[in-house]
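Where a number appears in this text, it was derived from the coordinates with a stated rule and is not lab data. Remember, it's a predicted structure, so these values are computed and weren't measured experimentally.
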Amino acid sequence: MTIQPGEKIPAATVYEMGADGPGGVSTAELFDGKTVVLFGLPGAFTPTCSAQHLPGYVDLAAQFKAKGVDEIVCFAVNDAFVMGAWGKDQNAAGNVRMIADGSGLLTKQLGLELDLVEAGLGVRCTRFAMVVENGTVKSIDIEPAGEFEISSAASQLSKL
């Protein structure tokens, strides 16, 4: 079952690349006491994700912060090394936190899995965006397969 507005983000550990390598980050650390825009996507370095999804949030980061967003978090079923490298490639530092759910455990808890096994990509995260206030989902927009509109930075910004 997919997480719904009014529900708390489940307790889990995800990973982020730091100066000393990958480090665990709890969902409590990511979301408690903050307003966070969390957007998920099928994978780092993939066409739509690299050309539109992540760059939109990087480009509009200051506008999100001006509307009271404490952090923007990019989330994918990739490892922390890949997410870190992709963040560098996309100039995300200081604008978007690059969070890895390498085994897809939080993705599964959120009910946001995308089965791409037949395409040789395994189980990934579907494309979505949500606003989380103090650990509780305020809104969630899940893209229909193959689409990119309602989870875009411009769309999410217009709702704040």
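Couple of notes before you dig in:
- Restricting attention to segment 15-160, the count of lysine pairs at 8 or more positions apart or across chains with alpha carbons under 25 Å apart stands at 13.
- For the chain: rounded, prolate or oblate by the Cα gyration tensor [a/c cutoff 1.5]: rounded
- Taking a ≥ b ≥ c as the square roots of the eigenvalues of the alpha-carbon gyration tensor, segment 101-140 is classed prolate because a/c is 1.5 or more and a/b outweighs b/c.
- Set of aspartates and glutamates with alpha-carbon distance to LYS8 below 15 Å, sequence-local pairs under 8 removed: GLU29, ASP32, GLU133
- Expected 222 nm ellipticity per residue - DSSP helices of 4 or more, -39500 (n - 2.57), all of the chain, to 500: -6000 deg cm²/dmol
- Gyration tensor (alpha-carbon) shape descriptor, segment 67-132, a/c threshold 1.5: oblate
- Derived scalar couplings between HN and Hα for segment 72-78 equal 10, 10, 9, 10, 8, 7, 9 Hz in order, rounded to whole Hz, by the Karplus curve 6.51 cos²θ - 1.76 cosθ + 1.60 (θ = phi - 60°), x for Gly and Pro.
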